[in-house]
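Student: Here's a structure for you.
FYI, it's all coordinate maths here, none of it is from the lab. Since the model is a prediction, treat every value here as computed from it, not as a measurement. Every residue, glycine among them, receives a Cβ derived from its backbone with ideal geometry; neighbour counts consider all protein chains shown.
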Amino acid sequence: MAYVSASDGTQIFYKDWGPQDAQPIMFHHGWPLSSDDWDAQMLFFLDKGFRVVAHDRRGHGRSEQVSDGHDMDHYASDAAAVAAQLDLRNAVHIGHSTGGGEAARYVAKHGIPQGRVAKAVLVAAVPPIMLKTDRYPDGLDMEVFDGFRSGLAANREAFFRDVASGPFYGFNREDAEPDEAVVENWWRQGMMGSANAHYEGIKAFSETDQTDDLKAMTVPTLVLHGDDDQVVPYKNAALLQAHLLPDCELKIYEGLSHGMLTVNADQINADILAFIRK
C-alpha cells in the first residue's frame, strides 16, 4: 500500500489511479470515513480520463492512528504532503463534509500559494463553521456536538450505525428506501479508524471558523448541497459559502441528503464533470 510521510512523520495512506499526465482530481473525505467513500466518483472520473487521488485522513481508514494533530491545519498539511509527493498540478480538489473544510484550508493555505490548484468543489461541506457563534448566530448549539462526543465515547459501534441508518443518507425519512449495504459500508469505514481521531475530529469540523479560507479561495469553486441535509444544514453552510467565495457557482438539490455523493452519485458526478470541463 502507498503512504506519504506528513510534516510530523505521520504516515498517510493514499490511492493514485490513472494516467500520470492527466489532469488530477484529489478527493477529501468526510468524518469518520476514508477515501473509500469516494469509490463512485473515483471510478467515474477515472473512466473520463482523469488522474484520481484520494487519501485517508490521519487517524482514519488505513492512515496512522496518531494521538494528536486532529485539526484542520494538520488535515490540510497532510493533504499538501500527498499533493507534493505526487506533484499534483492544475488539480481539482473536491471535499465532502469535514473534507470540505480540509479542502478549503488546503486550497487557501497550500494549493493556491504553490500554484497547484485549478478549481475546487465543496459538497455538503462544513465551512464557514457549524457551531453557533457571535459571528454566525444561526449555527448549531454546542449540545449537538457534545451529543456526538458522548454517543461516540459510550458506544461507537451503535452510534455509527445510528448515524448511517438515519440522518446521514436521509434513511430516517418516511418515504425513504434504506440501503443496508450503504449503511454497512459507512460503518465499516468508520470502524477502521481511531476512536480518538474521531472524537477529537468533532471539534475540528464543528468549531473551526473558515471564513478567511473561503475568502482566500480565488479559484472557481462549485458548491453543492442538498436542502434536506440533516447533518450540515445548507443555510448555514452552502449559502454562506456562496457569499464568501470570490468565484462561486452554487447548486442546491431539492430533497437530497448529506450523503448524496453516494446515493445520488450519477447526478452529483455529472454536475461536477460539467463544472470541471467549463
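Student: Rounding to the nearest 20 debye, state how big the charge dipole of segment 2-276 is about its Cα centre with +1 on each Lys and Arg Cβ and -1 on each Asp and Glu Cβ. Numbers along the way, then the final one.
Tutor: Numbers: 22 positive and 41 negative charges, 157 e Å.
Computed charge dipole of segment 2-276: roughly 760 debye.
Student: Counting DSSP beta bridges with both partners in the chain, what percentage is antiparallel, nearest 5?
Tutor: Details: 8 of 33 bridges.
If I count the DSSP bridges inside the chain, around 25 percent turn out antiparallel.
Student: Which of the three applies to segment 1-134, rounded, prolate or oblate, going by the alpha-carbon gyration tensor with a ≥ b ≥ c and a/c under 1.5 meaning rounded? If you can, show how the numbers build up before the last one.
Tutor: Details: a/c = 1.42, a/b = 1.23, b/c = 1.16.
Rounded.
Student: Please name which of N155, W187, H29 has its Cα lying farthest along the dipole of the chain towards the positive end, using unit charges on Cβ (Lys, Arg +1; Asp, Glu -1) and the Cα centre as origin.
Tutor: Selected residue: H29.
Student: Given the pairs K15/K215; K235/K278; K251/K278, which are separated by over 23 angstrom at their Cα positions?
Tutor: Long pairs (Cα-Cα over 23 Å): K15/K215; K235/K278.
Student: If you stretched the chain out fully between V144 and R277, how much longer would it get, using 0.36 nm times the residue separation minus the C-alpha to C-alpha distance? Write down the numbers at each step before the final one.
Tutor: On the way: separation 133, 0.36 × 133 = 47.88 nm, distance 3.90 nm.
Roughly 44.0 nm would be gained on extension.
Student: When Y136, Y75, Y253 are ordered from fewest to most other Cβ atoms inside 10 Å of their Cβ, what list results? Spell out each step's value before the answer.
Tutor: On the way: Y136 16, Y75 29, Y253 19.
The fewest-first ordering by Cβ neighbours comes to Y136, Y253, Y75.
Student: I need T10, T133 ordered by Cβ neighbour count within 10 Å, fewest first. Don't skip to the end; give the middle numbers.
Tutor: Working: T10 21, T133 13.
Arranged by neighbour count, lowest to highest, T10, T133 become T133, T10.
Student: What is the distance, in nm, between label points placed 7 Å from the Cα along the Cα-to-Cβ direction at D21 and at D212?
Tutor: Using points 7 Å along Cα→Cβ, the separation is 4.1 nm.
Student: While we're on this one: For D247, put the label point 7 Å out on the Cα→Cβ axis and report which residues of segment 69-92 keep their amide N under 20 Å from it.
Tutor: 88-92
Student: Work from the charge dipole of the chain (Cβ charges, +1 for Lys and Arg, -1 for Asp and Glu, about the Cα centre) and give the residue of A80, V232, W38 farthest towards its positive end.
Tutor: A80
Student: So what's the projected area for the chain, the Cα convex hull averaged over all directions, in nm²? If you can, show how the numbers build up before the last one.
Tutor: Working: hull surface 52.7 nm².
Averaging across all directions leaves 13.2 nm² for the Cα convex hull.
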